[in-house]
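What follows is one structure encoded as structure tokens, with my remarks underneath.
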Amino acid sequence: MTESRTKIIDLLKMPAGGTVQVKGWVRTKRGNKSIVFIALNDGSTIHNVQIVYDMNVFSEEELRPVTTGACLRVRGELVPSLGTEQSVEIRAEEMEIYGTADPAAYPLQKKGHSMEFLREIAHLRPRTNTFGCIFRIRHAMAYAIHKYFNDKGFVYLHTPIITASDCEGAGAMFQVTTLDLKDPPKGKDGSVDFSRDFFGRQTSLTVSGQLEGELGAMALGEIYTFGPTFRAENSNTPRHLAEFWMIEPEMAFYDIHDNMDLAEDFIKYLVRYALENCAPDLQFLNNMIDKELIKRLEGVCDTQFVRLSYTEGIDILTGSGQTFEYPVSWGIDLQSEHERYLVEKHFKRPVILTDYPKEIKAFYMKENPDGKTVRAMDILFPKIGEIIGGSQREEDLETLVRRIREMNMSAENLDWYLDTRRFGTAPHSGFGLGFERLLLFITGMTNIRDVIPFPRTPKSAEF
Ligand code: 4AD
Ligand code: MG
């Protein structure tokens, strides 16, 4: 049987006295002929435990392979520490080296590395302080998301990853096929015969679980999905991934105002949860990455988000006297620079923009009586831009079918979806929160590749 270990997060709260055993990876080593100190980290916390070796008990030879990155089991007495950084430390009595890490080859030596370099060794970067913090926070946020919805009585609905429909209608889908790409079966007209593909039709990885989520909401009342989504858009920006995680609640009987209230409450809950439960990790990121981080997080919890229409937003931008790279006029899809002007310069707080032109939004959004705009709501955040996209859904069958035609989509493919409007339709709404965009905000990181363990972006699918 493997010997039990005390996790460092628990050990650092224990009073001195008694024997403990820890297992973890060496961060640093220093000392002299008579005494050696190592800092050991086991991933349970940003903090290391200090291990003190009396060189009358240990030989130099025994300690030679104990270098940065090596993995150890150490047993010893928990004693009061003379150092200022911790109250207890371990006086080593016995040690086993599980694995060494050749200093000439191990890439994570003591000095700070650039984020670009760490991305190239993404398989090792969880061993750094920064990425340890980020992935613990990522976990805490995933847990908080389930807790929030569970406490409200929402049902977690698993929507499919492989799908035959394009929810956002943007055509940015990754195809899923088992056909022989060198010699696919062809029909009489020369086009690929997908009836002979694995599913008997053309399929892709989903861009959103919303359409299936709506089916759930129209039976269970309030549901959410939380899973990976995929977009084959060639966007090489610090805010886009080809594989990202999205949280999509969908609620029967909510109009767009109820939807905005939920979204604002949800984000504030998550930020507050992080402040209350991830304090040591946030403090580290605040010191090392972004000195304004904690202040910004606290600020969001206390401020009411501004709500205004797209049209009002355009008026502010055109009246701003500012020159933008992409000129502003009614009807344009807002660029990051426009969103950030509204949030960071004009209002200086999060903004919810509503009622966008229907041409730039998806087919399922509810049309306003003006015939030009739809009941969309995007939440824009400082430093991030769009963090949430959502809407009230078109519940009227005829209007929805007309919208599908106007957008040159096939209504046959969506017949199952239209059944919700044929049978017991109801007003309903929902939104999608990009999990990694949320994590950018919570951690203060600036590149979305650094808040997901294994980023997938154009021309890159390492590890
Ligand atoms: O605005 P989007 O495209 O909305 C939907 O997919 C709706 N079906 C959601 C719904 O109403 N249920 O995406 C929602 C959010 C965006 O606001 C953004 O935070 C994130 O998903 N997102 C991305 N995050 C990382 N990389 C990408 N390529 C992203 N595309 C969207
Ligand atoms: Mg959007």
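The values are calculated or read from the model by the stated rules, or taken from the named source; none is laboratory data. Remember, it's a predicted structure, so these values are computed and weren't measured experimentally. Every residue, glycine among them, receives a Cβ derived from its backbone with ideal geometry; neighbour counts consider all protein chains shown. When the accessible area is computed, the model is the full protein with side chains, heavy atoms only, and any ligands, DNA or RNA have been set aside. Shrake-Rupley method; radii C 1.70, N 1.55, O 1.52, S 1.80 Å.
Give a residue-ordered list of calculated ³J(HN,Hα) values for segment 427-441 (Karplus: 6.51 cos²θ - 1.76 cosθ + 1.60, θ = phi - 60°; whole Hz; x for Gly, Pro).
Ordered by residue, 3J(HN,Hα) equals x, 7, 8, x, 8, x, 9, x, 4, 6, 5, 4, 5, 4, 5 Hz.
Give me the distance between the Cα centres of segment 33-78 and segment 282-329, rounded to whole Å.
Measuring centre to centre over Cα atoms gives 46 Å.
Assuming R0 = 56 Å, what is the FRET efficiency of Arg307 and Ala16, from their Cβ-Cβ distance, to the nearest 0.05?
Numbers: r = 55 Å, r/R0 = 0.98.
Calculated value: 0.55.
With a ≥ b ≥ c taken as the square roots of the eigenvalues of the C-alpha gyration tensor of segment 1-108, please select rounded if a/c is under 1.5 and otherwise prolate if a/b is larger than b/c or oblate if it is not?
It comes out rounded by the Cα gyration axes.
Here is the link list: Lys295/Lys345; Lys268/Lys291; Lys7/Lys29; Lys23/Lys291; Lys152/Lys383. Which ones come out longer than 23 Å on Cα distance? Walk me through the numbers on the way to the answer.
Values: Lys295/Lys345 18 Å; Lys268/Lys291 21 Å; Lys7/Lys29 20 Å; Lys23/Lys291 32 Å; Lys152/Lys383 30 Å.
Among Lys295/Lys345; Lys268/Lys291; Lys7/Lys29; Lys23/Lys291; Lys152/Lys383, the Cα-Cα distance tops 23 Å for Lys23/Lys291; Lys152/Lys383.
Please calculate the 1.4 Å probe accessible area of Cys167, with all protein chains present, and give it to the nearest 10 Å².
Around 0 Å² of this residue is reachable by solvent.
What number comes out for the charge environment of Lys186, summing +1 per Lys or Arg and -1 per Asp or Glu over other residues with Cβ under 13 Å away?
On the way: positive: Lys182, Lys188, Arg196; negative: Asp180, Asp183, Asp189, Asp193, Asp197.
Surrounding charge for Lys186 is -2.
Once you order the gyration tensor axes a ≥ b ≥ c over the Cα atoms, which shape class does segment 253-403 get: rounded for a/c under 1.5, otherwise prolate or oblate by comparing a/b with b/c?
Details: a/c = 2.77, a/b = 1.50, b/c = 1.85.
Judged from the Cα gyration tensor, segment 253-403 comes out oblate (a/c at least 1.5, b/c at or above a/b).
Among rounded, prolate and oblate, which fits segment 252-315 when a ≥ b ≥ c are the square roots of the eigenvalues of its C-alpha gyration tensor, a/c under 1.5 means rounded, and a/b larger than b/c means prolate?
Since a/c reaches 1.5 but b/c is at least a/b, the shape of segment 252-315 is classed as oblate.
May I ask you to compute the full-extension gain from His158 to Arg73, defined as 0.36 nm times their residue separation minus their alpha-carbon distance, rounded to one decimal in nm?
Result for the pair: 26.5 nm of gain on full extension.
Taking all protein chains in place and a 1.4 Å probe, what share, in percent, of the accessible surface of segment 325-392 do carbon and sulfur account for?
For segment 325-392, the apolar C and S fraction of the accessible surface comes to 47 percent.
Would you mind calculating the gained length between Glu233 and Tyr106 on full extension (0.36 nm times residue separation, minus the Cα-Cα distance), in nm to one decimal?
42.2 nm
Relative to a virtual label point 7 Å from the Cα of Met407 in the Cα→beta-carbon direction, which members of segment 235-261 show backbone nitrogen distances below 18 Å?
In segment 235-261, the label zone of Met407 (backbone N under 18 Å from the point 7 Å along Cα→Cβ) covers 248-251, 256.
Quick one: if the Förster radius is 56 Å, what FRET efficiency do Asp315 and Leu179 give, using the C-beta to C-beta distance and rounding to 0.05?
With a Förster radius of 56 Å, E is 0.65.
Using per-residue counts of other Cβ atoms within 10 Å, averaged over each peptide, order 26-37, 195-206, 430-441, 236-247 from highest down.
Answer by packing, highest mean first, reads 430-441, 236-247, 195-206, 26-37.
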